[in-house]
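S.K.: Pasting a structure below so you can have a look.
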């Protein structure tokens, strides 16, 4: 059974600082997704990582994937208040006829001035 | 622009009522999903469908059923609502095998059962 663990679950950062969110998963998968959720809103896709060593960057966020270690990271550079949100990683699970995504519990990020 | 819509943003129902949550997508996606989201528990998959009239149970199907009569529409049914079904319900859709971009989510329905 595929399990996805994120840590930390809560992260309070000061503006301007760097930090990394980790996403570990338990069985082989070749696709990993990062989503962002603002309070009271739905999930918005941030990154799709499709192969070992994949790295994607958008603004102050950079995501990477190591399929051998079954680990993805979401690195935040010089955080700003606008990045405050909950971030979810999700791993493609190919059990069953079409598969689905298994989500981590989310990391609630709060960036303070 | 990709769009998944849900019939209500907020819904209040009484215990024992039959509740219908509707989801419509305009992307011609084969796969559709229903999740519930609760604090501290993340997203949990209730049911998904990979074709018209096809459905598969997710992790927490008890107390729910689904219907997919048309490709663009996926309904979640609470046969007899209970207070422990108070939650945020999210619908999503995707191409087969999750597609390149993964799942697209609707805005969510916050359901309160009193």
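The values are calculated or read from the model by the stated rules, or taken from the named source; none is laboratory data. Values in this document were obtained by computation on a predicted structure and should not be read as measured data. Glycine gets a Cβ as well: all are built from the backbone with ideal geometry, and neighbour counts include every protein chain shown.
S.K.: Would it be correct to say that residue A:2 is closer than 30 Å to residue B:30 by Cβ and not in a strand (DSSP E or B)?
M.R.: Yes, satisfied.
S.K.: Quick check: anything in segment B:18-27 at pLDDT below 95, in a helix (DSSP H, G or I) and either within 14 Å of chain A (Cβ to nearest Cβ) or under 24 Å from residue A:39 (Cβ atoms) (or both)?
M.R.: no
S.K.: Consider residue A:79 against the criteria (1) in a loop (DSSP other than H, G, I, E, B); (2) touching a helix residue (DSSP H, G or I) at 6+ places or on another chain (Cβ under 7 Å): it satisfies all of them except one. Which criterion is unmet?
M.R.: Every listed condition holds for residue A:79 apart from (2).
S.K.: Tell me which residues, restricted to segment A:23-43, are within 16 Å of residue A:104 (Cβ to Cβ) and touching a strand residue (DSSP E or B) at 6+ places or on another chain (Cβ under 6 Å).
M.R.: A:23, A:24, A:25, A:29, A:31, A:32, A:33, A:34, A:35, A:36, A:37, A:43
S.K.: Quick check, is residue B:51 within 14 Å of chain A (Cβ to nearest Cβ) and in contact (Cβ under 8 Å) with a residue 40 or more places away in the chain?
M.R.: Taking the combined requirement at face value, the residue does not satisfy it.
S.K.: So, one more: Hey, any hits in segment B:35-46 for a residue that's touching a residue at least 12 places away in the same chain (Cβ under 8 Å), assigned to a loop (DSSP other than H, G, I, E, B) and crowded, with 18+ Cβ neighbours inside 10 Å?
M.R.: no
S.K.: Quick one: how many residues across segment A:22-57 are within 14 Å of chain B (Cβ to nearest Cβ) and either touching a helix residue (DSSP H, G or I) at 6+ places or on another chain (Cβ under 8 Å) or not in a loop (DSSP other than H, G, I, E, B) (or both)?
M.R.: Within segment A:22-57, residues that are within 14 Å of chain B (Cβ to nearest Cβ) and either touching a helix residue (DSSP H, G or I) at 6+ places or on another chain (Cβ under 8 Å) or not in a loop (DSSP other than H, G, I, E, B) (or both) number 17.
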